[in-house]
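One structure below.
The values are calculated or read from the model by the stated rules, or taken from the named source; none is laboratory data. Because the structure is predicted, anything quoted here is derived from the model rather than measured. Cβ atoms come from the backbone with ideal geometry, glycine included; neighbour counts cover every protein chain shown.
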There are 2 protein chains.
Amino acid sequence: MLTTRLDLARIRAARRDVDPVFLDTPLYECDALGRRLGCTVSIKLETANPVRSFKGRGTELVATLLTGQGRTAAVCASAGNLGQALGWSGHRRGLDVTVVATRGAPAVKLERIRALGAELELVDGDFEMARERAVSIARQRDVRLVEDSLDIETCEGAATIGLELADAGSSFDTVLVALGGGAMATGVGYVLKTLSPAVEVICVQPLGAPAMTRSWHERRVVTTASTDTIADGVAGRYPIPAVLDDLLQVADDAVLVGEASIVAGMRMLLEHAGLVVEPSAALGVAAVLEDPDRFAGRHLVTIICGSNVDLAAYHRWVRT
Amino acid sequence: MLTTRLDLARIRAARRDVDPVFLDTPLYECDALGRRLGCTVSIKLETANPVRSFKGRGTELVATLLTGQGRTAAVCASAGNLGQALGWSGHRRGLDVTVVATRGAPAVKLERIRALGAELELVDGDFEMARERAVSIARQRDVRLVEDSLDIETCEGAATIGLELADAGSSFDTVLVALGGGAMATGVGYVLKTLSPAVEVICVQPLGAPAMTRSWHERRVVTTASTDTIADGVAGRYPIPAVLDDLLQVADDAVLVGEASIVAGMRMLLEHAGLVVEPSAALGVAAVLEDPDRFAGRHLVTIICGSNVDLAAYHRWVRT
């Protein structure tokens, strides 16, 4: 019996509060990619929606909760995708949304946050600096702070992906999940371990941002002094203890992959699946590339979690 | 009252015979693209499936019919997408599929037809040459000839896209449909004119392959001596009379677009929607680019009908 912060009945109920545009996303075998990787590969595509990432599932829940509480504003730190999604969900409900991001975040993410009508505040430094600034804005303005992975709604939103995978009745044996703060990994992992316990849930994080993976292996919070990865969406340094506790129960493994494999993964997704993805979305393919024997002959699902990428950088990476 | 070859009850029933992987595809507003085009743009994405085009909807029906009739083989001419889709649907049902294509078809389409286990025969010349060869193979081998747009199942399959659009209850007022042989245009058009008659159905064809559009305007079959377009998926020269008759009833307009607009459309779909598409799938955006005043302020749906494109050519087009 899993004793996480997550609850299956709540996750099932959560689907009602999520705009259908984020739900029931495509799940399909990509034969061309599978042949190159030596296994069967199914893609769960989370990019064909107005914010081009899975984060809308969670922000729909957050925004529903906040408006139900009579709140009129919210603030979050974001590497870019949460901010867009909260901007989208907040805008539709009349919530004033402030997003704190780093100056180094992809321009395309920042531009879209602004376009959605959210207030954007930029900070120097990395994602943890943005988190600190969001905390202080919330305090100063007495505004609700939305914390990715800590706020259970962000995990429950991501968990609806797990429901769709479990309900697909497909024959996959492995799910590869990008690991950052842990909302997606704990959400998807919880549902699969509850409904399809034989499916192996493998979290994948960049070697250049390994805090949560190291924490998972050491079974205690391990922080890092810095991050160094192109996978901006998963580049945190301070794992949240409650999220780690959940992840310890629902993940079968957590692996680290190098930058070259992330780039190769992006290139393969373009060449063999016709998908432009952001680096975080290529972590699953990168994991297979780094350990092909482990995955040989398996049927795996890789969640394509986002496609918000600066095209100039993308071309530079993929065409090298 | 429309008197086409199509029938709403049959189309609704057809959904049961189509693998769900092809159904209920994403339909979502793309704000970034809409801002650039001066209107509201919703994308109906038909590429997130195992054959990367909408053609699987129709071939599922064809293959179900053939196996129900005890057939064991089928042959079709294809610009590439029908062949892949028939290969996929046939393979799952134990049908031997032969595909006739032109040597000039995108290599990626030919390679995937072979990978799906179909027999591939290549001919010199254009799509109409492939059609002739497919007819003679069918006669020689006494094998069922599958004819795109003429076989009602291919139109009914495409028409299930129309059902999904009509059922979405979305507020769009215009649907842009790529026009080639006419299966998609007549199928989608029929359903919309039946269920949502106020929605304008606009067919878009390349100036370099204008036979069906000219036929629609002249209300009689007009053929052309040649085609000259990068939109290989819609490059026919001989419109089928029965399909034209249907199209005359269900299309509100048919417009032609230049190659530069198709390329610009592909580029915009990449830059503002993150989608790699084949030229035929950019026809809708191209139509808006060529006549922005006509579409200003409207809410249009563009059907992204395929993403099977040779990447080398794609990069050449999009990055020029």
Does B:Ser215 satisfy the criteria of being closer than 30 Å to B:Thr4 by Cα, in contact with a Gly (Cβ under 7 Å, 6 or more places away or on another chain) and assigned to a helix (DSSP H, G or I)?
no
Just checking, how many residues over the range A:307-318 are touching a helix residue (DSSP H, G or I) at 6+ places or on another chain (Cβ under 7 Å) and of a type in the set (D, E, K, R)?
1
Look at A:Thr227 and say whether it is within 14 Å of another protein chain (Cβ to nearest Cβ) and polar (S, T, N, Q).
no
Kindly indicate whether A:Asp24 is farther than 16 Å from A:Leu150 by Cα, modelled with pLDDT of 95 or more and assigned by TED's automatic domain parsing to the domain that holds A:Pro197.
yes
Considering only residues that are over 26 Å from A:Asp246 (Cα atoms) and touching a residue at least 12 places away in the same chain (Cβ under 8 Å), which ones fall in the range A:4-26?
A:Asp19, A:Val21, A:Pro26
Of all residues in the range B:80-110 being surrounded by fewer than 15 Cβ atoms within 10 Å (Cβ to Cβ) and within 14 Å of another protein chain (Cβ to nearest Cβ), the one that is farthest from B:Ala281 (Cα to Cα)
B:Arg92
Sort out which residues of the range B:55-65 are more than 13 Å from the chain's Cα centre (by Cα) and crowded, with 24+ Cβ neighbours inside 10 Å, and write them in order of number.
B:Glu60, B:Leu61, B:Val62, B:Ala63
Single residue of B:Val62, B:Val99 found to be free of Cβ contacts under 8 Å to residues at least 40 places away in the same chain and not acidic (Asp, Glu):
B:Val99
Being part of a helix (DSSP H, G or I) and among the β-branched types (Val, Ile, Thr) is the filter; apply it to the range A:276-290 and report the residue that is surrounded by the fewest Cβ atoms within 10 Å (Cβ to Cβ).
A:Val288
Which one of these is part of a strand (DSSP E or B) and either polar (S, T, N, Q) or without any contact (Cβ under 8 Å) to a residue 40 or more places away in the chain (or both): A:Ser89, A:Ser42?
A:Ser42
Those residues of the range A:103-121 which are part of a strand (DSSP E or B) and at pLDDT below 95 amount to none
Spot the failing condition for B:Glu46; the list is (1) closer than 14 Å to A:Tyr28 by Cα; (2) facing chain A (nearest Cβ under 10 Å), and only one is missed.
(2)
Just checking, does the range B:238-249 include any residue being surrounded by 24 or more Cβ atoms within 10 Å (Cβ to Cβ), within 21 Å of B:Ala158 (Cα to Cα) and among the polar types (S, T, N, Q)?
no
Give me the residue from the range A:122-137 that is of a type in the set (Gly, Ala, Ser) and within 16 Å of A:Gly233 (Cα to Cα) and, out of that set, modelled with the highest pLDDT.
A:Ala130
What number of residues within the range B:70-79 satisfy the criterion of being in a loop (DSSP other than H, G, I, E, B) and either surrounded by 24 or more Cβ atoms within 10 Å (Cβ to Cβ) or touching a residue at least 40 places away in the same chain (Cβ under 8 Å) (or both)?
3
Do we find that A:Thr224 is among the polar types (S, T, N, Q) and in contact with a Gly (Cβ under 6 Å, 6 or more places away or on another chain) in this structure?
no
Yes or no: A:Arg52 within 14 Å of another protein chain (Cβ to nearest Cβ) and surrounded by fewer than 22 Cβ atoms within 10 Å (Cβ to Cβ)?
no
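Here's the yes/no breakdown for (1) in the same structural domain as B:Gly187 (by TED's automatic domain parsing); (2) of a type in the set (Lys, Arg):
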| site | (1), (2) |
| --- | --- |
| B:Leu122 | no, no |
| B:Gly125 | no, no |
| B:Glu128 | no, no |
| B:Arg131 | no, yes |
| B:Val135 | no, no |
| B:Ala138 | no, no |
| B:Thr160 | yes, no |
What about B:Gly58, is it assigned to a loop (DSSP other than H, G, I, E, B), more than 10 Å from chain A (Cβ to nearest Cβ), more than 30 Å from A:Ile113 (Cβ to Cβ) and of a type in the set (Gly, Ala, Ser)?
no
Filter the range B:264-306 for residues that are within 13 Å of chain A (Cβ to nearest Cβ), small (Gly, Ala, Ser) and touching a helix residue (DSSP H, G or I) at 6+ places or on another chain (Cβ under 7 Å) and give the result.
B:Ala273, B:Gly306
If a residue has to be buried (at least 24 other Cβ atoms within 10 Å of the Cβ) and either in contact with a strand residue (DSSP E or B) (Cβ under 6 Å, 6 or more places away or on another chain) or outside any helix (DSSP H, G or I) (or both) to count, how many in the range B:258-275 make the cut?
3
A:Glu164 vs. criteria over 23 Å from A:Ala235 (Cβ atoms) and either touching a residue at least 60 places away in the same chain (Cβ under 8 Å) or in a loop (DSSP other than H, G, I, E, B) (or both)
yes
Could you tell me how many of the residues in the range B:291-305 are over 16 Å from B:Pro206 (Cα atoms) and outside any loop (DSSP other than H, G, I, E, B)?
7
Answer yes or no as to whether B:Ala185 is in a loop (DSSP other than H, G, I, E, B) and aliphatic (A, V, I, L, M).
no
Within the range A:206-220, identify whether any single residue is closer than 27 Å to A:Phe295 by Cα, touching a Lys or Arg at 6+ places or on another chain (Cβ under 7 Å), buried (at least 19 other Cβ atoms within 10 Å of the Cβ) and without any contact (Cβ under 8 Å) to a residue 60 or more places away in the chain, and answer yes or no.
yes
Which number in (1) more than 18 Å from A:Ala101 (Cα to Cα); (2) crowded, with 24+ Cβ neighbours inside 10 Å marks the one condition that A:Ser170 misses?
(2)
Please verify whether B:Cys39 is more than 10 Å from chain A (Cβ to nearest Cβ), surrounded by fewer than 21 Cβ atoms within 10 Å (Cβ to Cβ) and farther than 22 Å from A:Pro26 by Cα, treating the condition exactly as stated.
yes
Kindly provide the set of residues from the range B:15-36 that are more than 9 Å from chain A (Cβ to nearest Cβ) and either among the polar types (S, T, N, Q) or not in a helix (DSSP H, G or I) (or both), ordered by number.
B:Val18, B:Asp19, B:Leu23
